[in-house]
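A.B. asks: This is the structure, below, for whatever I ask next.
What follows is calculated from the coordinates using simple rules that are stated; it is not laboratory data. Being a predicted model, the structure only gives us computed values, none of them experimental. Don't worry about glycine lacking a Cβ; one is built from the backbone with ideal geometry, like all the others, and counts go over all protein chains shown.
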Amino acid sequence: MSHFPTVRMRRTRAHDWSRRLVRETRPAVDDLIWTLVASDSKTERTPVPSLPGVSRLNLDGLVKAAKEAEELGIPAIAIFPHIDPSHKDAQATESLNEGGLVPEAVRAVKAACPGLGVIVDVALDPYTDHGHDGVMTGDIIDNDPTLNILAESAIILAKSGADIVAPSDMMDGRVGAIRDALDEEKFGDTMIMSYAAKYASGFYGPYRDAIGTKAALRGDKRTYQMDPANRSEAIREVELDINEGADMLMVKPGLPYLDIIRDLKNTFAMPTFAFQVSGEYAMIKAAGANGWIDEDAVMMESFGAFRRAGCDGVLTYFARDIARKLRA
Ligand code: PBG
């Protein structure tokens, strides 16, 4: 007696046309945010060895990249600064310089590409000589004095034309402090994308090379970034940020935390983003370069995984490559 499976999952998988027909999610250029590193170097592009294909860009380089993003249909870029060590101090004074690298970069990009969304990180770590996201009192990363600096820095960034400020520091109460400050200064339309669930991750290494904080960083960030072992805590973190006025949420890192993304999307139905961080990018690049994986296939598969998990968009160093692939 032969047995015939009544249900054959393979039927719909048998043809390209039927696979397309039953496909549940599709990669779209509209869901990309391109992460770019700015510097005040004289050279247009300075490659970052631990992020193959990524360079620190001076203003000319950055404007070129922004134009490319716009050309490809990428809705927004996110700018991260490499600050010259001579501008760093314990109080992150340079983060309040209206003529500093990031405000200049935002003005330049906005002048060249007014229709391109510009997102800027709000955090002190690029500006502190100890590499932490807050000011220190003794050995403690001091929450409340940090809030004032973050709020002031957010105003400067909004003034320079940033559309979205993205606090990535994980201080308590910062979304509320930033929202209040922006509203008081009549920047009621500036959006806040909160790095709401940001984990104390080993995946940030190449980024710290790129912005030059790795050597500087004293200790680790476990007293403010989340414990990678925790899931429910992300719900509480995010709920606070929503109540304080966040317009969009972000989970960081990305692929190792897809469970958190799905939880948040199901719980809050907010615009939800993932940051495919530097270490995730570097791993795919390294394995691809060795011929151990097909880099392009894995790049597209991981982008698809974010969408399947419930992301509305992804911040990624791959954005240009993905956009090109989608266009081809
Ligand atoms: C911190 C910040 C980090 C990243 C962006 N902003 C992490 C950190 O150094 O703790 C990481 C981005 C990446 O790895 O691509 N304000």
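A.B. asks: Quick check on the chain: take the gyration tensor over C-alpha atoms, sort the square-rooted eigenvalues as a ≥ b ≥ c, and tell me if it's rounded (a/c under 1.5), prolate or oblate.
C.D. replies: Values: a/c = 1.76, a/b = 1.51, b/c = 1.17.
Cα axes put the chain in the prolate bin.
A.B. asks: Further question: Counting Lys and Arg as +1 and Asp and Glu as -1, each charge on the Cβ, what is the dipole of region 182-305 about the Cα centre in debye, to the nearest 20? Could you put the intermediate results ahead of the total?
C.D. replies: Numbers: 13 positive and 20 negative charges, 102 e Å.
Here the size comes out at about 480 debye.
A.B. asks: Over 28 Å apart: what share of the alpha carbon pairs of region 87-234 falls there, rounded to a whole percent?
C.D. replies: Numbers: 1798 of 10878 pairs.
Percent of Cα pairs beyond 28 Å in region 87-234: 17.
A.B. asks: Given the options T12, T46, T213, which has the most mean-square fluctuation in a GNM of the chain, springs set between C-alpha atoms less than 10 angstrom apart?
C.D. replies: Result for the chain, Cα springs under 10 Å: T12 fluctuates most.
A.B. asks: Can you give the convex hull volume of the alpha carbon atoms of region 52-105 per residue, in Å³?
C.D. replies: Spelled out: Cα convex hull of region 52-105, divided by residues, is 106 Å³.
A.B. asks: Treating only the Cβ atoms of Lys and Arg (+1) and Asp and Glu (-1) as charged, compute the dipole magnitude of region 25-327 about its Cα centre; round to the nearest 20 debye.
C.D. replies: On the way: 31 positive and 47 negative charges, 209 e Å.
Roughly 1000 debye, rounded to the nearest 20.
A.B. asks: Work through the residues other than D163 whose Cβ is under 10 Å from its Cβ and net out their charges, Lys, Arg +1 and Asp, Glu -1.
C.D. replies: On the way: positive: K110; negative: D189.
That sum, taken over residues with Cβ under 10 Å, equals 0.
A.B. asks: Something else: For region 38-157, just say rounded, prolate or oblate: build the C-alpha gyration tensor, square-root its eigenvalues into a ≥ b ≥ c, call rounded for a/c under 1.5, and beyond that prolate if a/b exceeds b/c, oblate if not.
C.D. replies: Details: a/c = 2.25, a/b = 1.65, b/c = 1.36.
Judged from the Cα gyration tensor, region 38-157 comes out prolate (a/c at least 1.5, a/b above b/c).
A.B. asks: To the nearest 10 degrees, how steep is helix 101-112 against the longest Cα principal axis of the chain, on a 0 to 90 scale?
C.D. replies: Roughly 60 degrees, rounded to the nearest 10.
A.B. asks: Under a 5 Å amide H to amide H cut-off, with H placed in plane at 1.01 Å, what residues pair with A92 once short-range neighbours are removed?
C.D. replies: Long-range HN contacts for A92: D129.
A.B. asks: Counting other beta carbons within 10 Å of each Cβ, put E70, E239 in order, fewest first.
C.D. replies: On the way: E70 18, E239 14.
In increasing order of surrounding Cβ atoms, one gets E239, E70.
A.B. asks: How about K42: which lysines have a C-alpha closer than 25 Å to its C-alpha, ignoring those fewer than 8 places off in the same chain?
C.D. replies: K64, K67, K88, K110, K214
A.B. asks: Still on this structure: For the residues M9, M299, what sequence is obtained by ranking on other C-beta atoms within 10 Å, fewest first?
C.D. replies: Details: M9 7, M299 21.
Arranged by neighbour count, lowest to highest, M9, M299 become M9, M299.
A.B. asks: Given springs between every Cα pair under 10 Å in a Gaussian network model of the chain, which of L21, L147, L264 has the largest fluctuation?
C.D. replies: The residue that fluctuates most here is L21.
A.B. asks: Dipole of region 173-328 (Lys/Arg Cβ +1, Asp/Glu Cβ -1, origin at the Cα centre): which of P271, M250, V314 lies farthest to the positive side?
C.D. replies: Looking along the dipole axis, the top candidate is V314.
A.B. asks: For region 97-154, build the charge dipole from Cβ charges (+1 Lys, Arg; -1 Asp, Glu) around the Cα centre, then report which of L124, P145, C113 sits farthest towards its positive end.
C.D. replies: C113
A.B. asks: If one takes the longest principal axis of the Cα atoms in the chain, at what angle in degrees, from 0 to 90 and to the nearest 10, does the Cα axis of helix 59-72 lie?
C.D. replies: The angle comes out near 30 degrees.
A.B. asks: L240 to A297: extension gain in nm, 0.36 nm per residue of separation minus the Cα-Cα distance?
C.D. replies: Numbers: separation 57, 0.36 × 57 = 20.52 nm, distance 3.74 nm.
Full extension of this stretch gives 16.8 nm more.
A.B. asks: Let me ask you something else. Please work out the FRET efficiency for the pair L96 and D172, using the Cβ-Cβ distance as r and a Förster radius of 22 Å; give the result to the nearest 0.05.
C.D. replies: Details: r = 21 Å, r/R0 = 0.96.
Efficiency for this residue pair is about 0.55.
A.B. asks: What is the order of W17, W34, fewest Cβ neighbours within 10 Å to most?
C.D. replies: Values: W17 7, W34 26.
If I rank by nearby Cβ atoms, fewest first, I get W17, W34.
A.B. asks: Starting from 0.36 nm per residue, how many nanometres of slack lie between H3 and A229 once their C-alpha separation is accounted for? The partial results should precede the final answer.
C.D. replies: On the way: separation 226, 0.36 × 226 = 81.36 nm, distance 4.54 nm.
Full-extension gain reported as 76.8 nm.
A.B. asks: Can you tell me the 0 to 90 degree angle between the C-alpha axis of helix 278-289 and the longest principal axis of the chain, rounded to 10?
C.D. replies: 50 degrees
A.B. asks: List residues of region 49-80, by number, whose backbone nitrogen lies under 17 Å from a label position 7 Å along Cα→C-beta of N290.
C.D. replies: 50-52
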